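The values are calculated or read from the model by the stated rules, or taken from the named source; none is laboratory data. Source: prediction; values computed, not measured. Reconstructed Cβ throughout: ideal geometry from the backbone, glycine too, with neighbour counts over all protein chains shown.
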Amino acid sequence: MTNLSEYLLENSDEAAGFWFRYGLKYYEQQAPDQMERHLLLLGLFYATKNKKMAAEGLYSEALNKMKDDTNMTKALGLNLMGRVLMSSTDARRKDQAVKLLKESEDMTSKLPFWWDKLEHMMLPRLEMEL
């Protein structure tokens, strides 16, 4: 659902909104421990609609869920949060934005080049009887 929402975000705003809401409901009920990427993309959806407070709240929630992680999704979240804070007129928020963008850059430089593909790889559960 997240991939469908992401595709529609680029091509059809109305349909993307429906699928983001539907996906959020799914993750809340079925896989709350795996909803970080969906929250980030929903935040990006709001940011493109110039609803920066909503986007910042979603980015913050996703980053809190990933506080101990080191992966490309967290790097994306740090980057998106930094970009939202950079648009602020408050100097302290801009300083925080620079720190987040630097942290995102450092994280991506330390991860192997194939890491982002590993994160989204799906392996079916196979049961074999011998």
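Determine whether segment 65-72 contains at least one residue that is without any contact (Cβ under 8 Å) to a residue 60 or more places away in the chain, closer than 20 Å to GLY23 by Cα and not hydroxyl-bearing (Ser, Thr, Tyr). Yes, because at least one residue in segment 65-72 is without any contact (Cβ under 8 Å) to a residue 60 or more places away in the chain, closer than 20 Å to GLY23 by Cα and not hydroxyl-bearing (Ser, Thr, Tyr).
Per-residue answers, yes or no, for (1) under 25 Å from MET35 (Cβ atoms); (2) crowded, with 17+ Cβ neighbours inside 10 Å; (3) at pLDDT below 90; (4) among the charged types (D, E, K, R):
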residue: SER60; (1), (2), (3), (4): yes, no, no, no
residue: LEU63; (1), (2), (3), (4): yes, yes, no, no
residue: MET72; (1), (2), (3), (4): yes, yes, yes, no
residue: LEU76; (1), (2), (3), (4): yes, yes, no, no
residue: ASN79; (1), (2), (3), (4): yes, yes, no, no
residue: ALA91; (1), (2), (3), (4): no, no, no, no
residue: ALA97; (1), (2), (3), (4): yes, yes, no, no
residue: LEU100; (1), (2), (3), (4): yes, yes, no, no
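Scoring MET35 on the criteria (1) modelled with pLDDT under 90; (2) under 19 Å from LYS110 (Cβ atoms) leaves a single failure, condition (2).
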